[in-house]
Amino acid sequence: MPKFALRTPITLADWQCSINGCASPLDGAGLSRGFSRYRGRLPMAWISAQQAMGSSGVKLGLRSTDQSHVLRGDMSLTHVSAVCRAHGKDVPHGRVWLSLRKKGVSLLRHAGEWNA
């Protein structure tokens, strides 16, 4: 069972970032997208559930409420950039992230600390 417990978050992360541009497919604008062409990469039950959530008269969303990884700084700067871009925010050009990565600054915690 541990293999499946590890695989599920990776698959959801892949769905969110690799397939849906770092926007949640289970909430907001992500519910209006169709993912049936990803049948080989995503569990069909997930695709069906996402379609049902987005097509019902009342849109249902599944919000990601645990954002503790952001406060810990366990998030790559390129992912931060992609999430900001997915929400319509202006972000620096990709060369900025490449330059930072070459200097060893790749995670949010490398740029600074936040206290809750």
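Brief remarks follow.
- Cα convex hull of the chain, projected area averaged across orientations, nm²: 9.4
- Dipole size of the chain about its Cα centre, with +1 on Lys/Arg Cβ and -1 on Asp/Glu Cβ: approximately 380 debye, rounded to the nearest 20.
- Relative contact order [Cα under 8 Å, 6+ residues apart], the chain, whole percent: 23
- Mean separation of Cα pairs under 8 Å and 6 or more residues apart, divided by the residue count, gives segment 57-113 a relative contact order of 44 percent.
- Under the Debye formula (equal points on every Cα, no solvent term), log10 I(q)/I(0) of segment 6-60 at q = 0.25 Å⁻¹: -1.01
- Here is the list for segment 1-103: trypsin sites (Lys or Arg not before Pro) lying in DSSP coil, each with at most 10 other C-beta atoms within 10 angstrom of its C-beta, are Arg39, Arg63, Lys89, Lys103.
- Segment 50-103: Rg to Rh, with Rh as the Kirkwood radius over Cα pairs: 1.14
- Taking each DSSP H run with n ≥ 4 as -39500 (n - 2.57) and averaging over every residue of the chain yields -12500 deg cm²/dmol at 222 nm.
- Across His79, His87, His69, mean-square fluctuation computed from a Gaussian network of the chain (C-alpha pairs under 10 Å connected) peaks at His69.
A short reminder: the numbers here are calculations on the coordinates, not readings from a lab. Everything numeric here is computed off the predicted structure, so don't read it as measured data. Methodologically, a virtual Cβ is constructed for each residue, glycine included, from the backbone with ideal geometry; neighbour enumeration extends over all protein chains shown.
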